[in-house]
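The structure appears below as structure tokens.
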Amino acid sequence: MINTLLICGGGGSEHDVSLRTADFIEDKLSAAEDIALLRVEMDSNGCLTDSQGRVYHIFYDRKIRDEEGNAWEVDYVIPAIHGYPGETGDLQSQLEMFGIPYFGSAPESSKICFNKIKTKLWLSALGIENTPYEFLHSLEVEELQKAHSALENWGEVFVKASNQGSSVGCFRVSDKEELEAAIEDAFKLSPYVLIEKALKARELEVAVYHYDDDVVATHPGEVRAPSDTFYTYKEKYAEGSRAVTFIEAADLHEEQLQWIAEVSLRTFKALKLKDLSRIDFFLTESGELYLNEVNTFPGMTPNSMFPKMMENRGHNFTEYLTGLIRSAVSSSNEDKE
């Protein structure tokens with residue numbers, strides 16, 4: 001039996017979405033007879049509790065114990081936390097120290113991809129087209145002038161907190177009177193702020209993941225937000241979301257599909273991602289393609305694209321995840337011998 005610890009929540013802005021992702025994973029693993037699952041919820045202080053309110057702590061001997069001293073050996077961890085500390089590399093660093101294999105990318109890759117500015121610097125270094133941008137490190141006059149110049153040149157911009165996920169801390173600005181207020185709000189959430197050119201574009205998403213020792217990139221899916229908004233946190237996850245998703249984006253010609261697939265795979269490999277990712281693109285009205293962002297732990301809710309695109313590719317999610325768990329645990333056991 002493989003003892004698998006499912007950690008969800010996190011206590012941040014994406015806590016509730018993380019619980020829904022955990023619901024999905026728990027359901028998909030319920031049919032695996034060789035996997036015993038313990039689910040715990042993390043609060044903003046890092047405290048772990050189960051559904052009965054029992055408090056748990058993970059120890060260096062790869063065991064999790066409750067307050068009464070009852071121990072459960074942990075063979076594998078699924079850190080189903082969106083945002084801090086699950087996508088930021090912090091939780092992964094702890095698991096690395098404990099020597100426990102886990103689902104998802106390593107600490108350094110997670111840190112790079114969660115920080116929007118670091119991601120864009122990496123993409124530019126790799127020669128991969130991404131949305132035109134500036135970034136700010138303070139509210140000093142010289143820094144704010146960069147933002148005003150960008151708005152003047154581009155007409156409309158997105159102001160983004162550099163290390164927030166699911167469009168948290170993201171503001172669309174076309175009025176210069178609103179620009180500095182949006183920047184101040186973004187700085188409340190992050191030490192760095194990204195100013196990005198707003199594009200009239202189709203939003204395409206690709207699931208890229210490990211499957212049977214290979215890296216797979218799906219056909220692009222598409223998300224269409226209502227014309228009066230962008231793909232906000234609410235549009236992504238609310239029950240009444242007006243966003244429309246298409247598992248396969250229509251009317252893409254072969255050259256575009258080839259570029260998206262090649263760039264998706266190159267990004268996954270160059271940033272040393274592991275197990276799963278969702279890589280997002282913009283396709284402008286004039287036919288320009290830009291890589292928008294890289295998600296190392298995409299959402300898995302009823303509205304989420306990653307599992308839908310995987311299933312559409314012909315890969316069963318349960319087989320995918322159980323295969324990764326068994327392989328990682330087997331390799332870990334060999335290393336200990």
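Can you tell me which residue within the range 113-124, out of those that are touching a helix residue (DSSP H, G or I) at 6+ places or on another chain (Cβ under 8 Å) and surrounded by 20 or more Cβ atoms within 10 Å (Cβ to Cβ), is farthest from GLU87 (Cα to Cα)?
Looking at residues that are touching a helix residue (DSSP H, G or I) at 6+ places or on another chain (Cβ under 8 Å) and surrounded by 20 or more Cβ atoms within 10 Å (Cβ to Cβ), I get LEU123.
Kindly list the number of the only condition in (1) in contact with a strand residue (DSSP E or B) (Cβ under 7 Å, 6 or more places away or on another chain); (2) closer than 30 Å to THR318 by Cα; (3) open to solvent by less than 50 Å² (accessible area, probe 1.4 Å); (4) modelled with pLDDT under 95 that fails for GLY165.
(1)
Just name the residue that is nearest to LYS274 (Cα to Cα) out of those in the range 313-326 that are in a helix (DSSP H, G or I) and open to solvent by 80 Å² or more (accessible area, probe 1.4 Å).
Result: ARG326.
The conditions are (1) farther than 19 Å from GLY9 by Cα; (2) not in a strand (DSSP E or B), and ASN303 fails exactly one of them. Which is it?
(1)
Quick one: in the range 254-291, which of the residues that are open to solvent by 30 Å² or more (accessible area, probe 1.4 Å) and of a type in the set (Lys, Arg) is nearest to ALA198 (Cα to Cα)?
Across the range 254-291, the extreme among qualifying residues is ARG266.
Residues checked against (1) of a type in the set (Lys, Arg); (2) farther than 22 Å from GLY169 by Cβ; (3) at pLDDT 95 or above:
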position	(1), (2), (3)
GLU14	no, no, no
LEU37	no, yes, yes
LEU48	no, yes, yes
PHE59	no, yes, no
GLU68	no, yes, no
TYR84	no, no, no
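Could you tell me how many of the residues in the range 23-48 are out of contact with any Leu (no Cβ under 6 Å at 6 or more places or on another chain) and either of a type in the set (Asp, Glu) or closer than 22 Å to GLY299 by Cα (or both)?
Here the count works out to 16.
Restrict the check to the range 70-86 and report whether at least one residue is of a type in the set (Gly, Ala, Ser), without any contact (Cβ under 8 Å) to a residue 60 or more places away in the chain and outside any strand (DSSP E or B).
no
Checking TYR102 against (1) touching a residue at least 24 places away in the same chain (Cβ under 8 Å); (2) of a type in the set (Ser, Thr, Tyr); (3) within 26 Å of PHE187 (Cα to Cα); (4) open to solvent by less than 50 Å² (accessible area, probe 1.4 Å), which single condition isn't satisfied?
(3)
I'd like the full set of residues that are within 16 Å of PHE98 (Cβ to Cβ) and either β-branched (Val, Ile, Thr) or open to solvent by less than 50 Å² (accessible area, probe 1.4 Å) (or both), limited to the range 60-81.
ARG62, ILE64, VAL74, ASP75, TYR76, VAL77, ILE78, PRO79
Quick one: LYS234 ticks every box in (1) out of contact with any helix residue (DSSP H, G or I) (no Cβ under 8 Å at 6 or more places or on another chain); (2) open to solvent by 20 Å² or more (accessible area, probe 1.4 Å); (3) modelled with pLDDT under 95; (4) not in a helix (DSSP H, G or I) bar one, so which box is it?
Looking at each condition in turn, LYS234 falls short on (4).
Do you know which residues across the range 125-165 are under 22 Å from THR88 (Cβ atoms) and in a helix (DSSP H, G or I)?
Residue satisfying the conditions is ALA125 alone.
Being closer than 22 Å to ILE100 by Cα and open to solvent by less than 40 Å² (accessible area, probe 1.4 Å) is the filter here; which residues of the range 1-18 pass it?
Of everything in the range 1-18, those that are closer than 22 Å to ILE100 by Cα and open to solvent by less than 40 Å² (accessible area, probe 1.4 Å) turn out to be ILE2, ASN3, THR4, LEU5, LEU6, ILE7, CYS8, GLY9, GLY10, SER18.
For the range 20-50, enumerate the residues that are over 23 Å from GLU73 (Cα atoms) and open to solvent by less than 40 Å² (accessible area, probe 1.4 Å).
Answer for the range 20-50, where residues must be over 23 Å from GLU73 (Cα atoms) and open to solvent by less than 40 Å² (accessible area, probe 1.4 Å): just THR21.
Considering VAL208, VAL173, which residue is over 21 Å from the mean Cα position of the chain (by Cα), open to solvent by less than 50 Å² (accessible area, probe 1.4 Å) and not polar (S, T, N, Q)?
Result of the check over VAL208, VAL173: VAL173.
Can you pull out every residue in the range 237-250 that is charged (D, E, K, R) and modelled with pLDDT under 95?
GLU239, ARG242
Which of the numbered conditions does SER93 fail, given that it passes all the others? Conditions: (1) among the hydroxyl-bearing types (Ser, Thr, Tyr); (2) in a loop (DSSP other than H, G, I, E, B); (3) at pLDDT 95 or above.
(2) is the only condition that SER93 fails.
The values are calculated or read from the model by the stated rules, or taken from the named source; none is laboratory data. Quick caveat: nothing in here was measured; it's all calculated off a predicted structure. FYI the Cβ positions are ideal-geometry reconstructions off the backbone, even for glycines, and counts take in every protein chain you see. Each accessible area value is taken on the protein alone, full model and side chains, heavy atoms only, with ligands, DNA and RNA left out. Shrake-Rupley method; radii C 1.70, N 1.55, O 1.52, S 1.80 Å.
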